[in-house]
Amino acid sequence: MNGTRGATPGMRPDLIEQHIAAMTTASTNLLRQMRDEGLRYRVSVRPEDTATMHVHVHQLTPEIAERIRRCLSGTGMRVAVREG
């Protein structure tokens with residue numbers, strides 16, 4: 001592996017960037033209803049760990065965290081939900 005967890009061995013940097021952009025867009029679309037309900041959040045995928053979707057949520061509750069995990073469960077990525 002090229003040192004990037006979750007990335008395909010030898011994956012080109014431009015493909016990593018495209019993967020991050022695609023997963024960020026997909027997760028934003030999946031969380032749209034929650035955003036429309038007032039959820040304030042930020043989504044990121046880090047180049048060094050492209051297998052994990054990081055979701056930072058303002059005023060996070062256990063119920064919201066579980067709802068986010070269920071919503072993003074079909075993406076094939078690990079989901080890390082934190083206050084922030």
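Show that you can apply the helix-only estimate: for the chain, add -39,500 (n - 2.57) for every DSSP H stretch of four or more residues, divide by all residues, and state [θ] at 222 nm to the nearest 500.
Working: 3 runs with 34 residues, N = 84.
Rounded to the nearest 500, the figure is -12500 deg cm²/dmol.
For the stretch 12-34 and the stretch 36-60, write down the distance between their C-alpha centroids in whole Å.
Between the Cα centre of the stretch 12-34 and that of the stretch 36-60, the gap is 11 Å.
Report the label-to-label distance for Glu66 and Asp49 in nanometres (one decimal), using points 7 Å from each Cα along the Cα→Cβ vector.
Here the answer is 2.4 nm between the modelled labels.
How far apart, in nm, are two points set 7 Å out from the Cα along the Cα-to-Cβ line at Thr24 and at Arg40?
Here the answer is 2.0 nm between the modelled labels.
Could you tell me the extents of the stretch 13-83's C-alpha atoms along the three principal axes, largest first, rounded to whole Å?
Between the extreme Cα coordinates on each principal axis of the stretch 13-83 lie 35, 20, 19 Å.
Taking Cα pairs under 8 Å and at least six residues apart, what relative contact order does the chain come out at, in percent?
Details: 112 pairs, mean separation 24.7, N = 84.
That works out to 29 percent.
With +1 on each Lys and Arg Cβ and -1 on each Asp and Glu Cβ, and nothing else charged, work out how big the dipole of the stretch 13-83 is about its Cα centre, in Debye to the nearest 20. Before the final figure, lay out the partial values.
On the way: 10 positive and 9 negative charges, 40 e Å.
With Lys and Arg at +1 and Asp and Glu at -1, about 200 debye.
Report the extension gain between His56 and Arg82 in nm, rounded to one decimal, defined as 0.36 nm multiplied by the number of residues separating them, less their alpha carbon distance.
Gain on extension, His56 to Arg82, equals 8.9 nm.
If I model a spin label as a point 7 Å beyond the Cα along the Cα-Cβ vector, how far apart are those points for Gln33 and Thr75 in nm?
In this crude spin-label approximation the distance works out to 1.7 nm.
Read the figures in this text as sums done on the coordinates, not as results from a lab. All values derive from a computational prediction rather than experimental measurement. Note: ideal-geometry Cβ built from the backbone for every residue, glycine included; neighbour counts use all protein chains shown.
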